[in-house]
Amino acid sequence: MALDVQTIASIIFVLFLTLFIILKRKNMQTQKILFPLLYFSMYRTQYGIKFMDSFARRFRKMLIFLGYAGIIVGFLGMIFISYFIIQSLIPLLTQPDAKASLSPVLPFKARGIFFIPFFYWIIAIFIIALVHEMAHGVIARVYNLKVKSSGFAFLGVLLPIIPAAFVEPDEKKLKKRHYKEQLSIFAAGPFSNVIFGFVFLAIGLLVFAPLAGSMIESNGVLIKDYVESGKNFPAESAKLKGQVIKAVDNTEIKTIDDLSKVLGTRKPGQIVNLKTDKDSYRITLAQNPEDASKAYLGAYLEQDTIAKSSYNQGILKYAPPVVSWFYTLFMVLFMLNFGVGMFNLLPLGPLDGGRMFQLVLYKIFEKEKADRAFKAVGLFLLVIVAVHLVFAFLRPA
């Protein structure tokens with residue numbers, strides 16, 4: 001089976017990380033969690049520290065205000081993400097078809113993995129880490145707290161597969177600072193990821209979406225995948241995956257809305273003539289699992305598009321795919337920045353939300369009682385996250 005460019009790039013990247021760790025092993029600090037199966041390696045540098053100093057001095061007043069805003073957003077986000085993962089656990093345990101809300105995001109396809117093509121993934125990981133850690137370092141410097149080092153980190157599962165970054169403030173001095181300063185520093189990373197996520201969303205929707213819309217037009221509805229439920233739905237029975245629906249009963253289908261309108265006039269058990277870009281089929285429609293009165297194909301759909309005629313020749317033919325690529329990139333940057341930022345606000349262990357929550361507990365209770373409460377909450381959430389991840393592999397999203 002031939003490997004595509006994305007897969008080859010992923011393999012080269014993992015080999016590069018492995019070679020880097022081998023060559024720099026004397027300067028690497030490795031936490032051997034379940035070594036060599038699972039480990040975390042850190043490479044300390046001084047990269048970016050001068051920039052943090054300069055940026056913090058230049059925009060100090062604004063950054064102090066943003067730091068306080070980050071505290072508010074941080075605690076609201078903590079409540080939201082905690083409620084979300086707890087609430088979404090209920091259908092996961094009670095509904096056989098429910099999908100896990102949490103799953104690893106990686107650049108390869110496997111059961112339980114939320115797949116993102118390698119080039120999108122590596123760009124997103126780099127930007128997320130840079131934004132997150134720089135924000136911690138800048139807010140630390142706003143309060144004249146020394147940043148001892150910055151650097152690269154790698155999570156390894158046999159081979160290093162997930163790159164990361166870190167900024168290392170002076171922890172001893174940090175613990176002696178006013179709790180508002182500490183909270184501002186802890187919240188800065190997740191807050192910056194959430195803010196940048198919405199900035200990327202705005203750029204995608206306001207810049208690249210209109211550009212793409214001016215260059216392409218609808219060209220039917222792609223059957224992207226089958227709905228997995230143990231039942232043999234019409235799309236799977238007819239082996240329609242990868243085909244583009246062009247017409248239903250002689251009614252032309254250009255958009256997903258066109259298809260929905262046509263199917264809305266049909267009933268379960270009714271036979272329809274379905275034309276795709278490859279063949280024609282007579283299909284008996286099924287019942288919609290959520291509404292037995294509605295017809296159902298049992299497929300995940302995606303809008304298929306083609307370039308407009310004015311973009312079919314010369315150098316202009318490259319414009320639609322390039323604009324579409326950047327639109328997808330900005331949507332991925334939004335999704336992952338927001339997702340990583342929110343997940344980091346969980347009041348769990350070493351996460352930023354965990355450090356914020358622990359600090360508040362220390363202000364309310366005596367240390368021993370606060371530690372017990374923190375461990376209990378952390379263990380509870382850790383079990384919920386673990387259940388989500390287990391079900392992600394049992395019932396891939």
>> Quick check on my filter: what residues within segment 204-234 are farther than 23 Å from residue 306 by Cα and not hydroxyl-bearing (Ser, Thr, Tyr)?
In response: 227, 228, 230, 231, 232, 233, 234
> Out of (1) in contact with a Lys or Arg (Cβ under 7 Å, 6 or more places away or on another chain); (2) touching a residue at least 60 places away in the same chain (Cβ under 8 Å), what's the single condition that is false for residue 157?
Replying inline: (1)
> Pairs under 6 Å by beta carbon, first residue touching a residue at least 24 places away in the same chain (Cβ under 8 Å) and over 12 Å from residue 140 (Cα atoms) in segment 171-196, partner outside any loop (DSSP other than H, G, I, E, B) and of a type in the set (Phe, Trp, Tyr), six or more apart or different chains?
Replying inline: 194/338
>> When the residues of segment 267-306 are narrowed to those that are of a type in the set (Lys, Arg) and part of a strand (DSSP E or B), which ends up nearest to residue 256 (Cα to Cα)?
In response: 275
> Looking only at segment 247-261, which residues are outside any helix (DSSP H, G or I) and under 16 Å from residue 302 (Cα atoms)?
Replying inline: 247, 253, 254, 255
> Taking segment 138-194, which residues are closer than 20 Å to residue 64 by Cβ, modelled with pLDDT under 95 and under 24 Å from the mean Cα position of the chain (by Cα)?
Replying inline: 167
> Could you list, in sequence order, the residues of segment 142-190 that are touching a Gly at 6+ places or on another chain (Cβ under 6 Å) and not in a strand (DSSP E or B)?
Replying inline: 184, 187, 188, 190
> Quick check, is residue 154 closer than 15 Å to residue 44 by Cα and surrounded by 21 or more Cβ atoms within 10 Å (Cβ to Cβ)?
Replying inline: yes
>> Checking the condition in contact with a Lys or Arg (Cβ under 7 Å, 6 or more places away or on another chain) and in contact (Cβ under 8 Å) with a residue 12 or more places away in the chain, which residue from 69, 56 passes?
In response: 56
> residue 239 versus (1) outside any helix (DSSP H, G or I); (2) in contact with a strand residue (DSSP E or B) (Cβ under 6 Å, 6 or more places away or on another chain): which is the lone unmet condition?
Replying inline: (2)
> Given the structure, is residue 202 surrounded by 15 or more Cβ atoms within 10 Å (Cβ to Cβ) and either closer than 30 Å to residue 359 by Cα or hydrophobic (A, V, I, L, M, F, W, C) (or both)?
Replying inline: no
>> Tell me whether segment 157-166 contains one or more residues that are surrounded by fewer than 16 Cβ atoms within 10 Å (Cβ to Cβ) and touching an Asp or Glu at 6+ places or on another chain (Cβ under 6 Å).
In response: no
> Which members of segment 288-299 meet the condition of being loosely packed, with under 14 Cβ neighbours inside 10 Å and touching a residue at least 12 places away in the same chain (Cβ under 8 Å)?
Replying inline: 292, 293
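The values are calculated or read from the model by the stated rules, or taken from the named source; none is laboratory data. Quantities reported herein were computed from a predicted structural model and do not represent experimental measurements. Note: ideal-geometry Cβ built from the backbone for every residue, glycine included; neighbour counts use all protein chains shown.
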